[in-house]
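Trainee: Mind having a look at this structure? Questions to follow.
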Amino acid sequence: MNRNLADTYVCPIEKTALTLHPDAKDDKGKPISKEACAEEITHGKLVSQGNRSYELRDGVPCFIASDHLSQLEIETKHQYEEYYTEEFYDNVMDWLFQSFCENEEQVRESMVDTLSPEPSSRVLEIGCGTGCDSARIAMRLGSDGELFLQDLSAAMVGITKNKLTRDAGKLGLSCKLNFFVSPARHLPFPDAYFDSVFHFGGFNNFEDPKGTLLEFSRITKEGGIVVFGDESVPPWLEGTTFGDIVCTNNPLFKHKAPLADLPACARDVNVRWLLGNCFYLISFKVGSGAPPLNLDLPHKGRRGGTMRTRYYGQLEGVTVEAKELAMKAALEKGVSMHTWLDDLVRNAAVKDLAKL
């Protein structure tokens, strides 16, 4: 880990600044000097204001707070670290693309196309696995670009780190590469830090999908892009022989594309299915809160009012006869129902309150 990242990372739980523990050491086993700005730190700890401690091993910080790991995350972490070797994982991927008669290179490149990174972009990949998409993203970035690679499994991060470090020259990689371990729903970054966030292939097993997408959006700049996808037989193939075969082979394909979990700040949302039409890929731009509304733009017509008055100004219901009389009176007076009622209620309330 580069020394200056100690001033960048935040506690993923508290979202407060972290302090590098005095015992930190560089790759030569020497203590890190206070004046150092660009030394590589291989071992040490990052400590939060609330005294949470996160350890660095071989230059990779581990931002896992055991008291904030769900049972699902514990089981997933164990599965990947105990059973999924690089060979096993890559064999599964090879079988998957062959089973759907797809070209892996073309499919993965098309997903990175959706990310649209600039050479100088700062990108985060969630769930790097064995680096199947990591190298492709890194190759789109230049010397001013920066790629952070995350996984819940330290073993997976280690595989990707070794692979990209080993093949950097052959692949022509020039961007900065940073590796860390954490859950996807608790990320160690300040708000609006990334130009884009990418994830493919694990979302269906994430704890709290809605909260996770809020976290993705929190750390992405306004106007930045979030891309994520996972297994899902599309609606038009549900109940078909094809769909039943796929879901019988792997029940994860029964998952629905999680459009309902998108945050209110999502803009320009796109969803498509790829890889045998059995994986969704959702992309959106990050906006600021919910889309803007002109709440006070008057409606034209007999009813009148605005979105604000229709939502916040609702009163108790009246009889059908009273409503019909009110509509006739408003029409006779030449005003909208809103104006007639608002004036009536306001004047009556002022008059009654004056008597108190």
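The values are calculated or read from the model by the stated rules, or taken from the named source; none is laboratory data. Please read these numbers as outputs of a predicted model, since none were measured by experiment. Cβ coordinates were reconstructed from backbone atoms using ideal geometry, including for glycine residues, and neighbour counts include every protein chain displayed.
Trainee: Which of the residues spanning the stretch 221-256 are touching a Leu at 6+ places or on another chain (Cβ under 7 Å) and among the aliphatic types (A, V, I, L, M)?
Mentor: Ile225, Val227
Trainee: To continue, here is another question. If you take just the strands (runs of 3 or more DSSP E) that sit entirely in the stretch 155-237, which of them hold at least 2 residues that are more than 12 Å from the chain's Cα centre (by Cα) and either among the aliphatic types (A, V, I, L, M) or not assigned by TED's automatic domain parsing to the domain that holds Leu252 (or both)?
Mentor: Counting at least 2 such residues, we get 176-181.
Trainee: Another one. Check whether at least one residue in the stretch 258-278 is in contact (Cβ under 8 Å) with a residue 12 or more places away in the chain, over 30 Å from Glu109 (Cβ atoms) and not polar (S, T, N, Q), and report yes or no.
Mentor: Scanning the stretch 258-278, I find at least one residue that is in contact (Cβ under 8 Å) with a residue 12 or more places away in the chain, over 30 Å from Glu109 (Cβ atoms) and not polar (S, T, N, Q), so the answer is yes.
Trainee: Sticking with this one: Taking Arg272 as the residue in question, decide whether it is modelled with pLDDT of 95 or more, among the basic types (Lys, Arg) and surrounded by 10 or more Cβ atoms within 10 Å (Cβ to Cβ).
Mentor: When the stated conditions are applied, Arg272 passes them.
Trainee: Can you find, within the stretch 113-165, the residue that is surrounded by the most Cβ atoms within 10 Å (Cβ to Cβ) among those that are touching a strand residue (DSSP E or B) at 6+ places or on another chain (Cβ under 7 Å) and among the basic types (Lys, Arg)?
Mentor: Arg122
Trainee: Okay, next question. Is it the case that Lys300 is among the basic types (Lys, Arg), surrounded by fewer than 18 Cβ atoms within 10 Å (Cβ to Cβ) and without any contact (Cβ under 8 Å) to a residue 24 or more places away in the chain?
Mentor: yes
Trainee: Moving to a separate point now. Looking only at the stretch 64-112, which residues are surrounded by fewer than 12 Cβ atoms within 10 Å (Cβ to Cβ), modelled with pLDDT under 90 and of a type in the set (Phe, Trp, Tyr)?
Mentor: Those that are surrounded by fewer than 12 Cβ atoms within 10 Å (Cβ to Cβ), modelled with pLDDT under 90 and of a type in the set (Phe, Trp, Tyr): Tyr83, Phe88.
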